[in-house]
Amino acid sequence: MLIMNVTMVAVVWVGAHQIDMGKIQIGDMLAFMQYAMQAIMAFLMISIIFIMVPRASVSAERVADVLDSEPSVKDPAKPAQVPKLGGRVEFKNVSFVYQGAEDPVLQDVSFIAVPGETTAIVGSTGSGKSTLINLIPRFYDATAGQLLVDGVDVRDMTQADLRERIGYVSQRAMLFSGTVRENITYGRPDATDDDVAYATEIAQATDFVNNLSGKFESPIAQAGANVSGGQKQRLAIARALAKKPEIYIFDDSFSALDFKTDAALRHALASETKGKTVLIVAQRISTIMNAEKIVVLDAGKVVAQGTHHDLMQSSPVYHEIASSQLSEKELAEI
Ligand SMILES: Nc1ncnc2c1ncn2[C@@H]1O[C@H](COP(=O)(O)OP(=O)(O)O)[C@@H](O)[C@H]1O
Ligand SMILES: [Mg+2]
C-alpha cells in the first residue's frame, strides 16, 4: 500500500510538471496512473495468495482427515437375521475403555434387562451410566465381553436392524430444526396424526404443544433453542414413543421435569411400555423406586442389583443415595 501510494504521488508530481510544460495531455497522465495501479494491484494479490495458500492447505488436510476417517463401528459382512423376540438386553462381562483413555470406564458389567420389566441404572455422576447405555445402540463397541440383544451379539447385527428395535432418549435431549411434528415422527416418518397425538399425550407435552401458535406445525429452532429444557425432554420422549420400539432407553430423561409432570409421565409410560424392555437412568430415587430391577453402578462396576427394597438393606452405596433424597417418613415406609 505504501509503494502504491508513493507511486501515485510520484506520477502526479512528475505528470503535473510535464502537463505544465505542455509535453503531455492530462488524459495521458491519468491513463499512466491506471496502468501503474493495475500492475501494483497484481503484485498485491500475489502476496495475498502467499498468505492464503498455507492456511488453505492446513484446512484441506483437516477436511481430508475427517473424510478419510474409518468408522470404528462397522456392519458385519454376514449380518445375523434376528427375529424380534421382545428385546431382551444382556450385558456379559462388559468392559469399556474410551479410545486414548488409560482407565476403563466400565469393568466387568453383567446384568440382564428382560421384556416386561423396567431396569433402572443408578450411580453417582461419572460412574459410567451413559457410557453403559450408549453401548446398546452401538455408539461404541465394548472393549471386552459381550452385549446381546435377543440373544445375539450386537456386533453380528446390522446397525439399522439393531437401532430399529430401540427408542433412545439421550441425556442431552436433542431436537432438530423443523416442525414439532417432524421432530416427533423422526424415528417413524409414516406415523399418523393419531400416533403423534397419542405419543405427545403420554409424554405430557399436549398442553404445551397446544399453546404454541402453530400447534404441531410450530417451528423448532436448531438444537431446540426455542423451547425449554423440560419441553425438549418431553418432545424427545414423544419421539421415542412414536416409534413404538421394543427397547426403551431413557438416559436421565426426566431430570428437567417438575415432580408433578415426572409422576404423570411415569404413570402414563408404565401402561405404554408394558411388555417392552425399559432401561432408565435416573438421579432421582423416586423415579426408579418401582423398577423391577435396579442396577447400582459405582466407578464403572456393578456393586449391587435388585429391587429397591432389597438394595436398601444390602447395598450401602444405594442406601446412601436413597437416604440423601428421601425423607425419614419415606425411608421408614420401606
Ligand atoms: N467421549 C468420552 N471420551 C472419554 N471419556 C469419556 C467420554 N464420555 C465420558 N467419558 C468419561 O467416562 C466417565 C463416565 O461418564 P458417563 O458415562 O457420562 O457418566 P454418567 O452418565 O454416569 O454421569 C467419566 O469419567 C467421563 O469423564
Ligand atoms: Mg450420564
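Readers should treat all values here as calculations from the given coordinates under stated rules, not as data from a laboratory. Note that the structure is predicted; figures quoted are calculated from it, not measured. Using ideal geometry, Cβ is built from the backbone for each residue, glycine included, and neighbour counts are taken over all protein chains shown.
Rounded to the nearest whole Hz, the Karplus-based 3J(HN,Hα) values (6.51 cos²θ - 1.76 cosθ + 1.60, θ = phi - 60°) of segment 279-285 follow the sequence 10, 10, 9, 8, 8, 7, 4, with x at glycine and proline.
List the DSSP H helices in the chain whose Cα atoms stretch 18 Å or more along the helix axis and whose mean Kyte-Doolittle hydropathy is at least 1.0. Both cut-offs are met by 2-20, 26-68. In terms of other Cβ atoms within 10 Å, PHE96, PHE111, PHE43 run from fewest to most in the order PHE43, PHE111, PHE96.
What fraction of the Cα pairs in segment 242-281, stated in percent, has a spacing above 16 angstrom? Here the long-distance tail beyond 16 Å is 37 percent of all Cα pairs in segment 242-281. Largest GNM mean-square fluctuation across ASP298, ASP190, ASP156, computed for the chain with C-alpha springs under 10 Å, falls on ASP190. The label point for LYS74 and the one for SER324, both projected 7 Å from the Cα toward the Cβ, are 4.3 nm apart. In terms of distances greater than 26 angstrom between alpha carbons, the cross-link table entries LYS232/LYS260; LYS78/LYS293; LYS84/LYS301; LYS244/LYS301; LYS92/LYS293 yield LYS78/LYS293; LYS84/LYS301; LYS244/LYS301. A straight line joining the Cα centroids of segment 220-282 and segment 67-110 runs 24 Å. Between ARG55 and ASP20, the contour length at 0.36 nm per residue exceeds the Cα-Cα span by 7.6 nm. Rounded, prolate or oblate: which one fits segment 92-333, using the alpha carbon gyration tensor with axes a ≥ b ≥ c (rounded when a/c is under 1.5, else prolate when a/b beats b/c, else oblate)? In terms of gyration-tensor shape, oblate. In plain terms, the residue of SER323, SER271 with the fewest other Cβ atoms within 10 Å comes first and the most crowded comes last, giving SER271, SER323. When the helices of the chain are scored as -39500 (n - 2.57) per DSSP H run of n ≥ 4 and the total is divided over every residue, the value at 222 nm lands at -13500 deg cm²/dmol.
Coupling constants for segment 72-83 follow from the phi torsions by the Karplus curve (6.51 cos²θ - 1.76 cosθ + 1.60, θ = phi - 60°), and in residue order they are 7, 9, 10, 6, x, 5, 10, x, 6, 8, 10, x Hz; glycine and proline get x. Comparing Cα centroids, segment 283-314 and segment 12-28 end up 95 angstrom apart. Here the gap between THR158 and LEU85, fully extended at 0.36 nm per residue and compared with their Cα-Cα distance, gives a gain of 24.6 nm. Listed by Cβ neighbour count within 10 Å, with the fewest neighbours leading, TYR98, TYR186 appear as TYR98, TYR186. Between GLN99 and THR307, the simple spin-label model (points 7 angstrom out along Cα→Cβ) gives 4.4 nm.
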